[in-house]
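Here the structure comes first, spelled out in structure tokens, and everything after it is commentary.
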Amino acid sequence: MARANGDSSHAKISDPKNDSFVHQLRATHQAILVGAGTVNADNPSLDVRYANGSNPIKIVLSAMLSVDVTKKLFKEGKTLVYNQLKSEVTEYVEFIKLENLTNLTMLQDLAARDIHSVLIEGGPSVLGSFIKDKLWDEALILKSSKEWSEGIKAPWLGIPRYEEIVSNSDTLNYFKPA
Ligand SMILES: NC(=O)c1ccc[n+]([C@@H]2O[C@H](COP(=O)([O-])OP(=O)(O)OC[C@H]3O[C@@H](n4cnc5c(N)ncnc54)[C@H](OP(=O)(O)O)[C@@H]3O)[C@@H](O)[C@H]2O)c1
């Protein structure tokens, strides 16, 4: 999923021709979620630039607020930062403190805000926690035909895919919970 030691230089492994597909997927969800580690390492925009559609609400999980709020994510649109330390609303960011923050309590809080579809784009620690909690409806792995000999492995779903589609030089693998 990533270069070793958070090295995000030359970290893109998927085919750039699939960017529009990924952005179309983003546009079909109300919200997109990542962990603080992904924000800090990749400085992502999490918007829909390569497809038609609306930008989803951005959500960052950062229990201990290790997230770097100077990243570009926090300079436009709306971002919710779920954490255990503070509640605060600024121009582009709402910090939401949940003392009993878990993936489930966060999803319940989102539902109370009428947000019912969330695309989780990782990284591995966030993805692993949702897999462990069995809080997912569908998973999509975009698998590159290129290989890295070392780095951070993607979490293992432990079930077979139900569909595989070749897309440009990548393969799309779809999974549903057993
Ligand atoms: N290939 C891909 O598609 C892809 C996608 C995304 C990211 N990545 C890569 O993944 C790497 C980052 O992954 P990572 O595993 O180190 O970090 P991560 O999952 O992005 O974020 C970890 C941080 O998120 C918070 N967190 C995680 N799970 C939480 C939970 N259940 N509840 C509350 N907070 C939670 C914690 O923040 P606090 O410390 O503030 O508590 C934790 O330190 C980067 O190298 C990035 O390039 C790859």
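Sequence-distant contacts, meaning Cα pairs under 8 Å at least 6 residues apart, place the relative contact order of region 4-136 at 23 percent.
Axis of helix 103-112 versus longest Cα principal axis of the chain: the two differ by about 70°, to the nearest ten degrees.
What Kirkwood hydrodynamic radius, in Å, does the chain give when the mean of 1/r is taken over all pairs of distinct Cα atoms and then inverted? After inverting the mean inverse Cα-Cα distance, the result is 17.1 Å. Charge dipole of the chain (Cα centre as origin; +1 on each Lys and Arg Cβ, -1 on each Asp and Glu Cβ, all else neutral): 100 debye, rounded to the nearest 20.
Applying 1/(1 + (r/R0)^6) with R0 = 22 Å to the Cβ-Cβ distance of residue 167 and residue 1 gives a FRET efficiency near 0.75.
In what sequence do 116, 23 fall when counting other Cβ within 10 Å, fewest first?
Working: 116 11, 23 17.
Ascending Cβ contact count within 10 Å gives the list 116, 23.
Projecting the Cα atoms of 149, 139, 70 onto the dipole axis of the chain, where Lys and Arg carry +1 and Asp and Glu carry -1 at the beta carbon, places 149 farthest toward the positive end.
Every number here is computed from the coordinates shown, using simple stated rules; none is lab data. Keep in mind that what you see is a predicted model, and the values were worked out from it rather than measured. Backbone-built Cβ (ideal geometry, glycine too); neighbour counts: all protein chains shown.
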